[in-house]
Amino acid sequence: MGQPGKIAFPVILVLGAITGYITYTFFTAAIPDESIDSPYYQPLVPGSSGNVPGDTGGAAPQQQGGGGGGAAQQEGGAAPQQQGGGGGETTTDGGGGSGTTAPAAPSGGGAGGGGGGGAVTLNILEGSSIQGSPDYDPDELTASAGAEVTVVNQDTVLHTVTSGTGTSDPQSAQTFDSGFIGPGQSAALSLAQVPAGQYDYYCQVHPYMTGKLVVQ
């Protein structure tokens, strides 16, 4: 019984060595090669921003916000610099030539207002039919001669914009009158025939609603 045991032990050792060697060989062969075999592969250059041929890195772009005018310059591989402002000038130097582009500074916007047909708005506020409540907005309206006033009734009852100080005024509605304006509706009040000056107006339905119109 002792002889077979002496023979089996070295046999097991030999078989284990053979198995370990085969396993090591196969695992070593399965490890991928670190080299990259591709015609598009480019090695990274230290300090560059990526796999871009010829890119050796550079300073980060600098931007400065400024006042009146600004310029942007780019020369060779130098980092671009930008300065913002009202008017701008862009200069590019590099390669075999140079170019300069200087767009014209934007002109100022058109002025608002003005006479001769300018449009203004007069609001009749909600709840203005209640005596003592705010009624016309603005309370003193300024318009240019020949302008057209858009009267918007934001209240829930009828209203008017009538020149004069009340129904007992003999000059009532002689200069201008919007007519009756329904709830949520609007009407155009032309000042084409109204000369410059100051005019009181009121509501024929609610005479305690008063305002002033200044025609310039």
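The values are calculated or read from the model by the stated rules, or taken from the named source; none is laboratory data. Owing to the predicted nature of the structure, the values given are computational and were not obtained by experimental measurement. Every residue, glycine as well, gets a Cβ built from its backbone with ideal geometry; the counts of neighbours run over all protein chains shown.
A few comments on the model shown:
- Only residues that are assigned to a loop (DSSP other than H, G, I, E, B), within 24 Å of residue 133 (Cα to Cα) and either within 35 Å of the chain's Cα centre (by Cα) or modelled with pLDDT under 95 (or both) were counted in the range 174-198, giving 2.
- Once the range 141-176 is narrowed to residues that are in contact (Cβ under 8 Å) with a residue 40 or more places away in the chain, closer than 19 Å to residue 207 by Cβ and hydrophobic (A, V, I, L, M, F, W, C), the residue that is surrounded by the most Cβ atoms within 10 Å (Cβ to Cβ) is 161.
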